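**Student:** My questions will all concern the structure given below.
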Amino acid sequence: MEEARGRARIPGSVRIGGMSKAALLAALRGQGVRLNEAAGRLFGDGRFTTLARERVVGIAARSVEELGFHDGATYGRLLARALELGLAGCPLEVGPHLRIQAQDQPEGGPSTGGRAPAGSITVASPLLEGDDESVRGFYLLRTDGVSWLRGYWSSPGHVWAPDDVLVFARDGAARSLS
């Protein structure tokens, strides 16, 4: 497991696939995971698919600052730097499976001013095409003793803060799943 500066331990890999979206939702509910409206919208989006067969995806958590952006950066710049480091965006399916498999996330805080909540973990994934009304991806949060899988909106020009944490696929794992 990977841990940096007091943030949640992130496993080095996550098992995905082998479940329909309905089964994945049932598994989340079975663990008491709550979803916000945006996460529900992602589950209802036909562009979010699940793999029929199980696969293991190697993952790594990096803060925006660890990626070399001490003043923050846009999502596009973060993904480009991740690729330079041998990391890639994760399939959307990683978010729900990671939420199920990583239940020991420390308590986080509320979102303020369009920023990711303290202690949250954003799953870096290719953005779904669409306007600013389209949900962009998933993030994990634990607050008030409850584990959450949340969807989020973000414009292409949004600057992610240096302490925001994102999870990426390692060693081209995401590309081998497409």
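**Student:** Kindly work out what percent of the DSSP beta bridges joining two residues of the chain are antiparallel, to the nearest 5.
**Tutor:** Antiparallel bridges make up about 80 percent of those DSSP assigns within the chain.
**Student:** Would you calculate, for the chain, the mean residue ellipticity at 222 nm contributed by helices, counting each DSSP H stretch of 4 or more residues as -39,500 (n - 2.57) and dividing by all residues, to the nearest 500?
**Tutor:** -6000 deg cm²/dmol
**Student:** Between Rg and the Kirkwood Rh of region 5-100, both from Cα atoms, what is the Rg to Rh ratio?
**Tutor:** Reported Rg/Rh (Cα atoms, Kirkwood Rh): 0.99.
**Student:** Equivalent-ellipsoid semi-axes (√(5λ), Cα gyration tensor) for the chain, whole Å, largest first?
**Tutor:** Largest first, the chain gives 22, 18, 17 Å.
**Student:** May I ask for the percentage of alpha-carbon pairs in region 69-116 that lie more than 17 Å from each other? All intermediate terms of the calculation are to be shown ahead of the outcome.
**Tutor:** Values: 671 of 1128 pairs.
Of the Cα pairs, 59 percent sit more than 17 Å apart.
**Student:** Could you tell me the relative contact order of region 13-168? Use alpha-carbon pairs under 8 Å, at least six residues apart, and round to a whole percent.
**Tutor:** About 34 percent, as a whole number.
We did not get these values from a lab; they are worked out from the coordinates using the rules stated. Owing to the predicted nature of the structure, the values given are computational and were not obtained by experimental measurement.
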